[in-house]
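This report refers to the structure that appears directly beneath it.
The values are calculated or read from the model by the stated rules, or taken from the named source; none is laboratory data. Note that the structure is predicted; figures quoted are calculated from it, not measured. We place every Cβ from the backbone using ideal geometry, glycine too, and count neighbours over all the protein chains shown.
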Amino acid sequence: MIKKYKFGKPFETEAVVKEIPVEAGKPEIGEISAEEGFCLIYKMTDELVVYGLGEANRGINKRGYKYVSLCSDDFNHTEDKLSLYGAHNFILLSGESQVGLFFDYPAKLTFDIGYTRQDTLAVTCDDADLYLYVITGESALDVVKQFREIIGGSYIPPKYAFGFGQSRWGYMNAGDIDSVVEGYRGNNIPIDMVYMDIDYMVDYKDFTVNPERFPDFKSYVAGKKEQNIHLIPIIDAGVKIEDGYDIYEEGRDKGYFCKREDGSDFEACVWPGWTHFPDFLNKDAREWFGSKYKVLIDQGIDGFWNDMNEPAIFYSREGINALDECVKETAKTKLDAKPGKLEEHFNKLQNNHKDYERFYHNVNGEMVRHDKVHNIYGYNMTRAAGEAFKKIAPEKDILMFSRASYIGMHRYGGIWTGDNKSWWSHILLNLKMLPSLNMCGFLYCGADLGGFGDNATRDLLLRWLALGVFTPLMRNHAAIGTRDQEAYRFEGIEDFRHVIGVRYRLIPYLYNAYLKAAKENDMLFKPLAFVYPEDKHCKQVEDQLMLSDELMIAPVYTQNATGRYVYLPEEMMFVKFMQDGSLKKEILEKGHHYVDVALNEVPLFIRKGCRIPLAEVALSVPEIDESKTMMVGYEM
Ligand code: GLC
């Protein structure tokens, strides 16, 4: 059952697409005060598990920490971070009863889940203007499914997007991309996508392609398609301010950029230098920006990733002016008089939330200050694209995923979880986010495999790929300046060929499991306790997941480990994909086990009575011969 409550004057985020009548009064859940700001206090019993929050830090069970919904460009995902790139305000209180809460509120919202007081959940925000949805159901999954039904169906990517993709910030030109393709194809490692980061553009200008780096781009794209390689360019939120640049001039002339209070266009520095932010909350601006994807679609492009759409701000005009003042002041005094002040100013420049109070959106003629709707900016950038794709190329499925997001965006695209690091702990963080993201409708997701920042090692990449073979988005991506981490760069290439090859054997299964989850508003990845609610051990398991209805996954995520402990809630068949293409199978009974998993093996567990199709290894998705799949299973 779903009940909708209204507090104050909520902003219509369009996260929920189903009409639900508003209840009178307050919900019977904890204590709510909505006089000055909003606050919900709920006493948590000892056994209560709190799930949800989509792309958030820490565990599958969110208890014991604090989380702030505030889309943030932060490349350092350490344990103390309260906000990442997404804002997904859905939690599920799972104890004796199962209650889902969705706070439809597009500004900063804090979830204190036993941080201040161990037994207390406190959800707070500054303005008491929101919708609160309270969902009760028979089981945790039932609550999730009801929620997913009201927020609308999840985005379905083209089938090729289930292949493996290679990315790196630093591929400068066609030659660099050619050598990646050659590295994979030449070594018989399967691949379907090569990503184009910001260097393909002219001076980081959206919807331009540098003709010196990519002469005759259209034929280049077509040539790559002949090799079954899709090129996937990045699109950033900020539009470079430059006379003669059509997108800038059109946006300026039509008034489609976010404005300061005095009506001038807000200026912020991002990759291209000074930019304006398109007003994605304005329907006309959204349509206009969306229509620009056609420039690249016309050249054969059929996939994109939307970035820097929190929006990320290196510094604003106001920020730099204040720094300037401070520099002048400091220069007047003795140089060592105020170094602290200068440093403080400097450190406050990037992603300073003061800047989000400096610009406005035009929402149906009303000026809305950005900080009040901050969390739906990236969502609306991706919506702009998704809505435009239907007009530009209605017959095509186009790949789209975004960095910033809010619930509702799951209808238009997937997400990648941003700038992680080549750290073992981030393999586990990747795993933990998957079910939480699925609860919030995001099915097409993945992390930068191998890690974005810092230097990857061979063993870390192999272990991470062995998780990545199961995530719908399977992309290796790294930052400029880090160690090369394409699969063919390391010794023992055959191990990488094998692990990525396993993905291609699983694609017929994974693709159908994905379609089924999307159609039935189901989760592709579930915490074990969703499937075995009676089993007390399952509530504790934070490093294994159920995958669709047939499988359990338990990747190895520790350095130097030659295997791992695993908990089986029932008898299962432990299957390892071996280097020689064979499968090693063993029936393991319910309980705790230590399983050996070598670096070049991919482990999975098949549930009793279940079977899955396995294809033969192919070098790209269209080359998978579905008529040659074999069934493997643990049939009774
Ligand atoms: C951001 C993105 C990253 C990209 C980089 C350069 O940090 O998160 O994926 O490589 O910008 O475009």
First in the range 398-409 and part of a loop (DSSP other than H, G, I, E, B), second anywhere and among the basic types (Lys, Arg) and more than 15 Å from the ligand (Cβ to nearest atom), Cβ under 9 Å, 6 or more apart: 408/383
Residues being of a type in the set (Gly, Ala, Ser) and closer than 23 Å to residue 461 by Cβ - total across the range 566-605: 2
Pick from the range 587-617, criterion crowded, with 20+ Cβ neighbours inside 10 Å and not in a strand (DSSP E or B), ranking: farthest from the chain's Cα centre (by Cα): 597
Pairs with Cβ under 6 Å, 6+ apart, first in the range 245-271 and without any contact (Cβ under 8 Å) to a residue 60 or more places away in the chain, second in a helix (DSSP H, G or I): 256/285; 256/288; 257/251; 267/317
Among the candidates 41, 20, residue that is under 25 Å from residue 148 (Cβ atoms), of a type in the set (Val, Ile, Thr) and either out of contact with any His (no Cβ under 9 Å at 6 or more places or on another chain) or surrounded by fewer than 18 Cβ atoms within 10 Å (Cβ to Cβ) (or both): 20
Neighbours by Cβ (under 7 Å, 6+ apart or cross-chain): first from the range 458-478, among the β-branched types (Val, Ile, Thr); second in a helix (DSSP H, G or I): 469/499; 469/502; 469/503; 469/506; 471/434
Filter result for residue 134 (β-branched (Val, Ile, Thr) and touching a Ser or Thr at 6+ places or on another chain (Cβ under 8 Å)): no
Residue in the range 410-420 that is under 23 Å from residue 620 (Cβ atoms), surrounded by fewer than 24 Cβ atoms within 10 Å (Cβ to Cβ) and small (Gly, Ala, Ser) present: no
Residue match in the range 149-164 (condition: within 16 Å of the ligand (Cβ to nearest atom) and either closer than 30 Å to residue 18 by Cβ or of a type outside the set (Gly, Ala, Ser) (or both)): no
Single unsatisfied condition, residue 582 versus (1) over 28 Å from the mean Cα position of the chain (by Cα); (2) more than 25 Å from residue 496 (Cα to Cα); (3) free of Cβ contacts under 8 Å to residues at least 40 places away in the same chain: (2)
Residue within the range 25-43 that is touching a Gly at 6+ places or on another chain (Cβ under 6 Å), in a strand (DSSP E or B) and either under 23 Å from residue 153 (Cα atoms) or hydroxyl-bearing (Ser, Thr, Tyr) (or both) present: yes
Top-ranked residue of the range 410-431 - restricted to ones that are assigned to a helix (DSSP H, G or I) and polar (S, T, N, Q), ranked as nearest to the ligand (Cβ to nearest atom): 430
The one condition in (1) at pLDDT 95 or above; (2) touching a Gly at 6+ places or on another chain (Cβ under 7 Å) that residue 352 fails to fulfil: (1)
Residue ranges of strands (runs of 3 or more DSSP E) in the range 287-377 with at least 1 members within 16 Å of the ligand (Cβ to nearest atom): 303-307
Condition check for residue 214: aromatic (Phe, Trp, Tyr) and within 16 Å of the ligand (Cβ to nearest atom): no
Enumeration of residues in the range 541-586 that are surrounded by fewer than 20 Cβ atoms within 10 Å (Cβ to Cβ) and of a type in the set (A, V, I, L, M): 561, 578, 583
Qualifying position, being among the hydroxyl-bearing types (Ser, Thr, Tyr), at pLDDT 95 or above and in a loop (DSSP other than H, G, I, E, B), among 195, 204: 204
Among the candidates 242, 212, residue that is surrounded by fewer than 16 Cβ atoms within 10 Å (Cβ to Cβ) and either charged (D, E, K, R) or over 22 Å from residue 488 (Cβ atoms) (or both): 212
Qualifying residue in the range 477-491 (condition: assigned to a helix (DSSP H, G or I) and buried (at least 24 other Cβ atoms within 10 Å of the Cβ)): yes
Residue in the range 456-473 that is away from the ligand (no atom under 16 Å from the Cβ), surrounded by fewer than 18 Cβ atoms within 10 Å (Cβ to Cβ) and either of a type in the set (A, V, I, L, M, F, W, C) or assigned to a loop (DSSP other than H, G, I, E, B) (or both) present: yes
Pairs with Cβ under 8 Å, 6+ apart, first in the range 541-560 and within 12 Å of residue 428 (Cα to Cα), second among the hydroxyl-bearing types (Ser, Thr, Tyr) and in a loop (DSSP other than H, G, I, E, B): 543/557
Residues within the range 257-275 that are within 16 Å of residue 366 (Cα to Cα) and under 27 Å from the mean Cα position of the chain (by Cα), tallied: 2
Candidates 434, 443, filtered to the one that is assigned to a loop (DSSP other than H, G, I, E, B), under 25 Å from residue 149 (Cβ atoms), more than 16 Å from the ligand (Cβ to nearest atom) and in contact with a Phe, Trp or Tyr (Cβ under 8 Å, 6 or more places away or on another chain): 443
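Which residue out of 433, 409 is under 21 Å from residue 542 (Cβ atoms) and modelled with pLDDT of 95 or more?
433
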Counted residues, the range 171-196 - those being within 14 Å of the ligand (Cβ to nearest atom) and either of a type in the set (A, V, I, L, M) or in contact (Cβ under 8 Å) with a residue 40 or more places away in the chain (or both): 4
